[in-house]
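To start, the structure under review is shown below, and the notes come after it.
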2 protein chains.
Amino acid sequence: MPNGAQALMKTLVDAGVEVCFSNPGTSEMHFVAALDSEPRMRAVLALFEGVATGAADGYARMADKPAATLLHLGCGLGNGLANLHNARKGKVPVVNIVGDHATYHTQYDAQLQSDIETVARNVSPGFVRTSTSTAELCRDAVDAIAAARGYPGQVATLILPADVSWGEGAVACTALPAPNPAVADDAAVAAAVAAVRSGRKVALLLGGRALRETDLLAAARIAAHSGVKLLADVFPTRMQRGAGLPAVERIAYMAEMAGVQLAEIEELILVDSKAPVSFFAYPGKQSYLVPDGCNVLTLASPAQDTTASLEKLVAALGAGQAQPQLQSAQRPGRPRGKLTAAKVCKAVGHLLPDNSILVDEAITSGLMLAAMTAGAPRHDLITLTGGAIGQGLPNAIGAAIACPDRPVLALIGDGTAMYTIQSLWTMAREQLNVTSIIFNNASYSVLNVELERVGAQEAGPKAKSQLDLHGPVLNFAQLAQGMGVHSVRVSSAEDLVTAMQYALAHPGPHLIEAVVPESLSGAKRKILPWLLRAMPNLPQSVASALKRKLAP
Amino acid sequence: MPNGAQALMKTLVDAGVEVCFSNPGTSEMHFVAALDSEPRMRAVLALFEGVATGAADGYARMADKPAATLLHLGCGLGNGLANLHNARKGKVPVVNIVGDHATYHTQYDAQLQSDIETVARNVSPGFVRTSTSTAELCRDAVDAIAAARGYPGQVATLILPADVSWGEGAVACTALPAPNPAVADDAAVAAAVAAVRSGRKVALLLGGRALRETDLLAAARIAAHSGVKLLADVFPTRMQRGAGLPAVERIAYMAEMAGVQLAEIEELILVDSKAPVSFFAYPGKQSYLVPDGCNVLTLASPAQDTTASLEKLVAALGAGQAQPQLQSAQRPGRPRGKLTAAKVCKAVGHLLPDNSILVDEAITSGLMLAAMTAGAPRHDLITLTGGAIGQGLPNAIGAAIACPDRPVLALIGDGTAMYTIQSLWTMAREQLNVTSIIFNNASYSVLNVELERVGAQEAGPKAKSQLDLHGPVLNFAQLAQGMGVHSVRVSSAEDLVTAMQYALAHPGPHLIEAVVPESLSGAKRKILPWLLRAMPNLPQSVASALKRKLAP
């Protein structure tokens, strides 16, 4: 008879959970020892739990099935919380295995004792369970996996006391049935049809699973047939885009812009999404971004099958034969001269390989990325779903493990990179095909913008120093080398292009540190042209409205 | 009238909270803007929240008053949780200011929305409050500060919605009265006196605040007068030691050893401590380490004044004129040859400056540290109170800010260093007088020991790889340089001594990477001589018992 950990290992892989991103401690030693009992389980060590959880998130986004994490009690879970938050907000399946003290040991309140369930509820409100017997452990694990990979996907946390893990007499559970989500019912489809045919301005807002090719094509057929506008969530979990796919405009991060995008919409149809709200609140500004008088209706909730629901709407509208408008192939030219963040985005658009995975956590430096890569070869885009920075590098690890044959490009701000910089070591250890481009502008640049936006006037030197990463300026090329990742620091567009060409031609991890000025330095008036350039297809009327709105 | 943030700033400094370790985001921008309204508040930026919380912990251990942290919503708090856990277990006062969305914004469940109070309860069970009005904010802050700096010290979390921060009409609160903890009552003192005079073997177990000079001297008078044994918590929050102070034996980390230390004790008197338990549970081994038949009694709980309570016991015993036994001054010689972890500890003992602060998170590599520094000039020792690794470097930041005139030495394992490696940047930015010595043995060495101890036999290659930090080996000297910290990598004792002498002669941060073999490689039989050497004053009978117990 296997012990608990061995049976759990078999149960996990039988259910398709074949990768474990781990940062173990003593209470997880039996789980670690059991790794060798199950050749199908791949264990990937991280030096910090936020790397493990973010990698599990990135893996699931690309593999469409959960990985496990292995975390050390409440503190390990705490360290992993921010990226689990991002997974939760992205509706991404993750199975946390959190080791705990032996059940009989908790009464002594030893040093590492804390209330794990309390912490876990923050990120896995739908499933937190402490397994209390070896005999029931695999049943608990199956429930956790089922919860994680349901519709919507979620983070499930299984707390595994050490004695439950080392106990004998466990029985592995057999595989789970695949989830079988519901399709939009007739009433929802009829309501959507009525909205589309109402003569009012209609938009389909796509999120979650509705940003993959099949769904996008269905939505684009509806758009071509009925003149409906297509919008995407501001921070998509995973979005397929590029030449040959329908181009969908993302809701802008800045509420002022999002308000403009939505200003004329009278019927907003949600597909695995929610009515747009401002990322943060600002004094005197609206949090809810849907215009007054706009009717919001749901075609498919996150609990439903978006593909089948969209196809049902296509059929109901008679749009099956409509020709979807597809993005034409077009790349920007090769950038030249002193490097700027926009030129980095241009270089990415110039060189992005076919079928690559683009991880965008570049914050202000990435403003031009969407425009510059719109007509690049088709690729998957992964973004910061929960706003907890430090997601990008770990996501890149997971994406590279899920898709070993696809190049991964991670575009990361300097501030964000430092939260989970330990990711580089795992990239080196696993020899992952990831090229990380770090925008080093020596600033929490977005916070300089936010400082103005919240109306905190006349910031003094102490305030400004809190947003400033000078003194000393980080050297990411050195940090990468210290963790075994090949790296180079560039400050001209020519050197960047050379470095990218080298990295893309030589598999294995690379880091390119792009030394750039701040994209959004100066006052609000300088933001406007940037915003407009970031959305080149904005209709003139919208651009004018935006100019009026943002004028000082 | 000031806004909420400005009044809060004044309230904090009026109550002695004069340093804020911060990692802000948009929802904290008004707090950041208010920094310039209060010249007495020092703001120290961290690139990761675990650095901020660990620095606040280290600061309070040395300053004997809380610092504030400034954290960004639930995810920022999550990132800071592990070091707040260590503070909680160390009974260290910390005031968390956790920014939140504006009160009216939470209903929209925006990207960064999560249940902050849920997370906060894990580390601040005694005080979590969301301030809901600007008018009441400073009252809430005063309550938080009072909770933090009470007896016992604790982590208090004040959640600060953005609109409460930016709202007008706040009123700063005046300073708090100092806490006034109770003294051991007559019954407790009489019980302790009876125990001491019982003729049974008695030990005083000192923890928390009872490991400072005045308390140690009182305890040592009792020991000299009555033959009582003195013991200290396994992981002291802060312990004053070295030449001229009473030497107190710490309870060992390993339960096998602790059991031997406690084996003959029949009366255990607690002073701001608790009855010893095993750090982890192990199959077939006891969790509760107090021997059967030993009577446990409390002289002073963590809620009481240990100094006055010990003095009361001294008086009751008539021990006031007893001469406490004090540690004589003695340093080990200069180490030579190929570097080992023990030689690093020897070099520290050889060179430790008077009045320094020693932060010990060296795990297995630090086994010889206590023995090697026992007779060094007097110093404060800070250890890993909660077992959540990644504490040492942040603690060193806080200690250096609390005590700018004292040299800080941080001895850190390679695995542990990586959890909060971003600390180095803050050390450089603030030009702190910290010398960090990283033991690079390319291993989670303690876990190799634990893997055996938990009885997980026959570890295979996958299991072992989870504890192995080779491939690639980290280069901490490069990591330090990438964050602006002067660094050197050494592998001989001579080079180490030279590097330490240079670092100690030149203020400002330094990092010395000590490349060493694992201290505890090989099987259990090799552990024994190490353990014995780490406790040179062990009586022969105890050493023999230990040998029998640990024999294979």
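Things worth noting here:
- Calculated [θ] (222 nm, deg cm²/dmol) that DSSP helices of n ≥ 4 give over chain B, each run adding -39,500 (n - 2.57): -11000 deg cm²/dmol
- Placing a label point 7 Å from the Cα of residue B:338 along the Cα-to-Cβ direction, the distances to the matching points in the other copies come to 5.3 nm, shortest first.
- Entries of A:91/A:343; B:285/B:343; B:89/B:285; A:89/A:285 with Cα pairs more than 30 Å apart: A:91/A:343; B:285/B:343
- q = 0.11 Å⁻¹, region B:341-521: log10 I(q)/I(0) [Debye, one scatterer per Cα]: -0.43
- Inter-copy label distances for residue A:199: 10.7 nm (label point placed 7 Å from Cα along Cα→Cβ; shortest first).
- Kirkwood hydrodynamic radius of the protein assembly as shown, from inverse mean 1/r over distinct Cα pairs, in Å: 30.2
- Mean partner shielding of peptide A:416-426, defined as the number of other chain Cβ atoms within 10 Å of each residue Cβ, is 4.
- Spatial extent of region B:186-317: Rg and Dmax, with the Cα atoms as the point set, Å: 14.0, 45
- Gyration tensor verdict on region B:1-160 (Cα atoms; rounded if a/c is under 1.5, prolate if a/b is larger than b/c, oblate otherwise): rounded
- Normalising the average separation of contacting C-alpha pairs (under 8 angstrom, six or more residues apart) by the number of residues puts the relative contact order of region B:186-317 at 32 percent.
- Degrees between helix B:493-505 axis and first principal axis of chain B (Cα, 0 to 90, nearest 10): 40
- Shown here for region B:403-460: GluC sites (Glu not before Pro) in loop regions (DSSP other than H, G, I, E, B) with at most 14 other Cβ atoms within 10 Å, namely B:458.
- Cα gyration tensor shape of region B:103-195, rounded if a/c is under 1.5, else prolate or oblate by comparing a/b with b/c: oblate
- Once backbone amide H atoms are built at 1.01 Å from N, residue A:437 has A:410, A:411, A:412, A:512 as its partners under 5 Å, excluding neighbours fewer than 5 places away on the same chain.
- Accessible area, probe 1.4 Å, largest first, for residues B:338, B:229: B:338, B:229
- Convex hull volume of the Cα atoms of region A:132-171, normalised per residue: 51 Å³.
- Cα centroid of region A:491-505 to Cα centroid of region A:143-190, whole Å: 44
- Prolate/oblate/rounded label for region B:255-319 (Cα gyration tensor, a/c 1.5): prolate
- Area accessible to solvent at residue A:10, 1.4 Å probe radius, in Å²: 90
- Kirkwood Rh, Cα atoms: Rg over Rh of chain A: 0.98
- Exposure of residue A:65 as accessible area (Å², to 10), given a probe of 1.4 Å and all protein chains: 60
- Axis of helix A:306-317 versus longest Cα principal axis of chain A: the two differ by about 40°, to the nearest ten degrees.
- Straight-line cross-link reach from residue A:346 at under 18 Å between alpha-carbon atoms covers these aspartates and glutamates, not counting any fewer than eight positions away in the same chain: A:354, A:360, A:361, A:380, A:494, A:495, A:513, A:518.
- Across the identical copies, how the residue A:326 labels are spaced - nm, sorted shortest first, 7 Å along Cα→Cβ: 8.7
- Solvent-accessible surface of protein heavy atoms, probed at 1.4 angstrom with all chains present, puts A:26, A:132 in the order A:132, A:26, largest first.
- Each Cα pair under 8 Å and six or more residues apart adds its separation to the average, and for chain A the resulting relative contact order is 14 percent.
- In loop segments of region B:141-200 as defined by DSSP, the trypsin sites (Lys or Arg not before Pro) with at most 14 further C-beta atoms inside 10 Å of their C-beta are B:197, B:200.
- For A:98-106, mean number of other protein chain Cβ atoms within 10 Å: 3
- Using C-alpha pairs below 8 Å separated by at least 6 residues, the relative contact order for region B:341-521 is 24 percent.
The values are calculated or read from the model by the stated rules, or taken from the named source; none is laboratory data. Not measured: the values here are computed from a predicted model. Neighbour counts are summed over all protein chains in view; Cβ atoms, including those assigned to glycine, are modelled from backbone coordinates with ideal geometry. We work out accessible area using only protein heavy atoms, side chains counted, and drop any ligands, DNA or RNA first. Shrake-Rupley method; radii C 1.70, N 1.55, O 1.52, S 1.80 Å.
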